[in-house]
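Read the structure below first, then the notes.
The values are calculated or read from the model by the stated rules, or taken from the named source; none is laboratory data. Bear in mind that the values here come from a model prediction, so they are computed numbers and not experimental data. Counting neighbours? That spans all protein chains shown, and the Cβs are built from the backbone with ideal geometry, glycine included.
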Amino acid sequence: MLFSQIAINFSLYIGALLSIFLNRKNFISVLIGMELLLLSINLNFIFISFYLNDISGYIFSIFILAIAAAESAIGLSLIVIFYRYIGNISMYQNFGLRD
């Protein structure tokens, strides 16, 4: 049972890594991928702490959720600032990168 849950979380983690590295043209897709990474790590902490009957995994996942909320708020505010000054949110046009 634990192995299947960790395997599902591992596939979620790999999918998030692929979404970050394959969709690097858009800030929003990178932010969503980073949130998926953090959520899959949280699920691993929760499942393992449930099976070990330990509360430290739950507490650590709450701290990670707080950090993820701050990270997404800062990232979305940066997207709004980029859009106001430049007019688009493409990473390649904003930073002078090539396709």
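One residue stands out among those in segment 1-43 that are among the aromatic types (Phe, Trp, Tyr) and buried (at least 17 other Cβ atoms within 10 Å of the Cβ): the one that is farthest from Ile64 (Cα to Cα), which is Phe27.
Condition check: without any contact (Cβ under 8 Å) to a residue 24 or more places away in the chain, closer than 23 Å to Ile74 by Cα and among the hydroxyl-bearing types (Ser, Thr, Tyr). Does Ser19 satisfy that? Spelling it out, Ser19 is indeed without any contact (Cβ under 8 Å) to a residue 24 or more places away in the chain, closer than 23 Å to Ile74 by Cα and among the hydroxyl-bearing types (Ser, Thr, Tyr). Scanning segment 44-74 for residues that are surrounded by 17 or more Cβ atoms within 10 Å (Cβ to Cβ), farther than 18 Å from Ile14 by Cβ and touching a residue at least 24 places away in the same chain (Cβ under 8 Å) yields a single hit, Ala68.
Quick check: anything in segment 26-46 over 20 Å from the mean Cα position of the chain (by Cα), modelled with pLDDT under 90, part of a helix (DSSP H, G or I) and aliphatic (A, V, I, L, M)? Looking for residues that are over 20 Å from the mean Cα position of the chain (by Cα), modelled with pLDDT under 90, part of a helix (DSSP H, G or I) and aliphatic (A, V, I, L, M), one finds none in segment 26-46, hence no. For segment 67-99, a residue qualifies if it is assigned to a helix (DSSP H, G or I) and either in contact with a helix residue (DSSP H, G or I) (Cβ under 9 Å, 6 or more places away or on another chain) or modelled with pLDDT of 95 or more (or both), and the qualifying residues are Ile67, Ala68, Glu71, Ser72, Gly75, Leu76, Leu78, Ile79, Phe82, Met91, Asn94.
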